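Since the structure comes first, as structure tokens, the remarks are kept for the end.
The values are calculated or read from the model by the stated rules, or taken from the named source; none is laboratory data. A quick note: this is a predicted structure, and the numbers were derived from the prediction, not measured. Cβ placement follows ideal geometry from the backbone for every residue including glycine, while neighbour counts extend to all protein chains displayed.
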Amino acid sequence: MKKRHTISLLFVALMTTIVIILPSLLVILFSSEEQAEDSPTKQTGESSLEEESAVEVAVYRSASKQTETYPLEEYVAGVIAAEMPAEFEKEALKAQALTARTFIVKQMMNGKTVNGKEAHVTDTVNHQVFKTKAELQDIWGEDFDWKYEKVREAVQETAGQVITYNGEPITASFFSTSNGYTENAEEYWSESLPYLKSVESPWDQESPKYTSRKTMSLSEFESKLGVSVKGKNEAGTIKGRTSGNRIAAIEIGGKELTGREVREKLDLPSSDFSWVLKGDDVVITTKGYGHGVGMSQYGANGMAQEGKDHKDIITHYYQQTEIEEVDQVIGKQITAKK
């Protein structure tokens, strides 16, 4: 009996140790090795992004068709540099850093799903566009030093932080330029998300991508949409608009299409479009650039130019969300699963 009692006590002690230590180890994995507020490198700002990241991201490089790993914060810097102009205000770059980090943390929590489960993400628009420092040096040339330093500061000043809703990383979608409004997630994609709702974004009017025009032959227009424009003078009938004032549905030649379908079939910048027939050509005018869901990059820059900080930007475009430390988020996930 004494031997069986001793074994039982050892088993209880072992299980208690696992329950206490395992969550701590996972939290440490997503923490920087030197994140203390009184760290000399944190005070001087001279630490590299490579040194600050204890977590590595596995990225499938589309050019080499190889999977390569990068420290988390270096990866985030490579995404910002590829996805947002470095000339933008630093507060806008910091907001972009939060979206990039939130996206990859959420992706990593789901496990490796790319290239035979060797990588977390690709380096393309299918996930997030990513460029290495060497690639950026080639792209930026003599502007590399000041541009990368600005990006590095944006990453460092938000290091370890993600955007959450109810304690979980959000779907941190973003796009270039709105038509004056962002879009409800469910009106472009199929899923309704409480933090991806239509909001005003008047700053986008200053974007060089706010309006654009495209001309194509009427025959190409008909072929791509699979329609026949009766009498060669029918411009289509708008059947409904979304909350973000984009085309929800339109009837062309007796066929009804969604705005997204038209945008994708005609390769338009936005689903807020109109057109006129001029002889044998169709002249299409669009407003905005991108799907319209989440944070507008030019809108974020406009807010920053007005003196808003990255927290204001995040709060505006991602409603009812919070900015939290990633180790706290991971800790909550562990606790919830117990």
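Summary table below
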{"quantity": "Count - residues of region 84-140 that are small (Gly, Ala, Ser), under 16 Å from residue 155 (Cα atoms) and part of a helix (DSSP H, G or I)", "calculated": "4"}
{"quantity": "Failed item in (1) part of a strand (DSSP E or B); (2) surrounded by 16 or more Cβ atoms within 10 Å (Cβ to Cβ), with residue 214 passing the rest", "calculated": "(2)"}
{"quantity": "Cβ-Cβ under 9 Å pairs, at least 6 apart or on other chains, region 183-197 side β-branched (Val, Ile, Thr), far side modelled with pLDDT of 95 or more and assigned to a helix (DSSP H, G or I)", "calculated": "none"}
{"quantity": "Hits in region 176-213 - residues which are among the polar types (S, T, N, Q), over 24 Å from residue 93 (Cα atoms) and out of contact with any Pro (no Cβ under 8 Å at 6 or more places or on another chain)", "calculated": "190, 192"}
{"quantity": "Members of region 193-206 that are within 19 Å of the chain's Cα centre (by Cα) and not acidic (Asp, Glu)", "calculated": "193, 194, 195, 196, 197, 198, 199, 201"}
{"quantity": "Of all residues in region 249-259 being in contact (Cβ under 8 Å) with a residue 24 or more places away in the chain and surrounded by fewer than 18 Cβ atoms within 10 Å (Cβ to Cβ), the one that is nearest to the chain's Cα centre (by Cα)", "calculated": "255"}
{"quantity": "Residue count, region 159-185 (criterion: touching a strand residue (DSSP E or B) at 6+ places or on another chain (Cβ under 9 Å) and assigned to a strand (DSSP E or B))", "calculated": "10"}
{"quantity": "Filter pass, residue 219 being touching a residue at least 12 places away in the same chain (Cβ under 8 Å), under 14 Å from residue 288 (Cβ atoms) and hydroxyl-bearing (Ser, Thr, Tyr)", "calculated": "no"}
{"quantity": "Residue in region 225-233 that is touching a strand residue (DSSP E or B) at 6+ places or on another chain (Cβ under 8 Å), among the small types (Gly, Ala, Ser) and either not assigned by TED's automatic domain parsing to the domain that holds residue 313 or not in a helix (DSSP H, G or I) (or both) present", "calculated": "yes"}
{"quantity": "Test result for residue 164, of a type outside the set (A, V, I, L, M, F, W, C) and outside the structural domain of residue 313 (by TED's automatic domain parsing)", "calculated": "no"}
{"quantity": "Count of residues meeting criterion [more than 35 Å from the chain's Cα centre (by Cα) and either surrounded by 15 or more Cβ atoms within 10 Å (Cβ to Cβ) or at pLDDT 90 or above (or both)] in region 218-228", "calculated": "2"}
{"quantity": "Which listed residue is farther than 23 Å from residue 82 by Cβ and touching a Lys or Arg at 6+ places or on another chain (Cβ under 9 Å), from 185, 159, 172, 154", "calculated": "185"}
{"quantity": "Verdict on residue 212 being under 19 Å from the mean Cα position of the chain (by Cα) and polar (S, T, N, Q)", "calculated": "no"}
{"quantity": "Of residues in region 264-317 being in contact (Cβ under 8 Å) with a residue 40 or more places away in the chain, within 24 Å of residue 191 (Cα to Cα) and among the polar types (S, T, N, Q), the one surrounded by the most Cβ atoms within 10 Å (Cβ to Cβ)", "calculated": "296"}
{"quantity": "Number of positions in region 100-150 that are exposed (fewer than 12 other Cβ atoms within 10 Å of the Cβ), among the small types (Gly, Ala, Ser) and either modelled with pLDDT of 95 or more or in contact with a helix residue (DSSP H, G or I) (Cβ under 7 Å, 6 or more places away or on another chain) (or both)", "calculated": "2"}
